[in-house]
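Below you'll find the structure, written out as structure tokens, and then a few comments.
The values are calculated or read from the model by the stated rules, or taken from the named source; none is laboratory data. Here the structure is a predicted model, which means the values were calculated and not measured. Every residue, glycine among them, receives a Cβ derived from its backbone with ideal geometry; neighbour counts consider all protein chains shown. Quick note on the areas: whole protein, heavy atoms, side chains included, nothing else; ligands and nucleic acids left out. Shrake-Rupley method; radii C 1.70, N 1.55, O 1.52, S 1.80 Å.
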Amino acid sequence: MFRALLLTLALSGCGIAEQPKWARTVAAYEVPLPTAKDKAQFVQTLEQHAERSGFHVDVATQSELETMSEVSPITFSAAVWRGENDDEPIASAMDFYDRIGRVWLTFSLGQNPERSKDFRESLVPQLQFQWPETRELPIMPSGAIPVTQDLIRKDDHYIVNPSAAAKYADVEG
């Protein structure tokens, strides 16, 4: 499952691919998870909220993380899914080489947007309580999140650096 997720992420850099409306990213947050204890608590919180919503969580094993790190360093990867056969991705959480220990949690619109929204609105305040340094990330018109170096940290969120904004202005999904 995580190899498929990694392949999807790698291919997403090859150009803009048409995606179904329900797969569009509608919200994203950076959650600071610098320690193994933080990551374990995060997974526990994800699992509790996912279970209440009828979803489940898959978390990359250490072996899978090592394999993914052969491409680019990563210390955490998890996904929230609808359906026994991972029928629909609801949320994805991972760090990356330029933000190790700072997990980006993204939420899709979902095939049932109200159910997905209820999950998100239940989970995010809990995360913000547990990790007060959680920051909202901007979502571009395409549904993409700007790359780390194009973001400026504000109080409780990030904005796109004005000098980089033009890169994202004309990109539609």
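Can you report the number of residues in the range 85-111 which are in contact (Cβ under 8 Å) with a residue 12 or more places away in the chain and not in a strand (DSSP E or B)?
11
Anything in the range 57-74 that is open to solvent by 20 Å² or more (accessible area, probe 1.4 Å), under 23 Å from T134 (Cβ atoms) and either touching a Ser or Thr at 6+ places or on another chain (Cβ under 8 Å) or not in a loop (DSSP other than H, G, I, E, B) (or both)? List them, or say none.
Passing the criteria: V57, D58, V59.
Quick check on my filter: what residues within the range 148-168 are touching a residue at least 24 places away in the same chain (Cβ under 8 Å) and either over 16 Å from L105 (Cβ atoms) or in a helix (DSSP H, G or I) (or both)?
Hits for the range 148-168 are T148, Q149, Y168.
Out of the range 112-127, which residues are out of contact with any Phe, Trp or Tyr (no Cβ under 8 Å at 6 or more places or on another chain), over 21 Å from P20 (Cβ atoms) and either without any contact (Cβ under 8 Å) to a residue 60 or more places away in the chain or open to solvent by less than 10 Å² (accessible area, probe 1.4 Å) (or both)?
Selection gives E121, L123, P125.
Take the residues of the range 128-137 that are in a loop (DSSP other than H, G, I, E, B) and in contact (Cβ under 8 Å) with a residue 24 or more places away in the chain: which is nearest to A166 (Cα to Cα)?
Only one residue fits best here, namely L137.
Across the range 75-90, which residue is nearest to T35 (Cα to Cα) among those that are polar (S, T, N, Q) and open to solvent by 30 Å² or more (accessible area, probe 1.4 Å)?
Looking at the filtered set, the residue picked out is T75.
Mind listing whichever residues of the range 131-156 are open to solvent by 60 Å² or more (accessible area, probe 1.4 Å) and touching a Phe, Trp or Tyr at 6+ places or on another chain (Cβ under 9 Å)?
E136
Kindly check whether there is at least one residue in the range 40-53 that is part of a loop (DSSP other than H, G, I, E, B) and of a type outside the set (D, E, K, R).
Scanning the range 40-53 turns up no residue that is part of a loop (DSSP other than H, G, I, E, B) and of a type outside the set (D, E, K, R).
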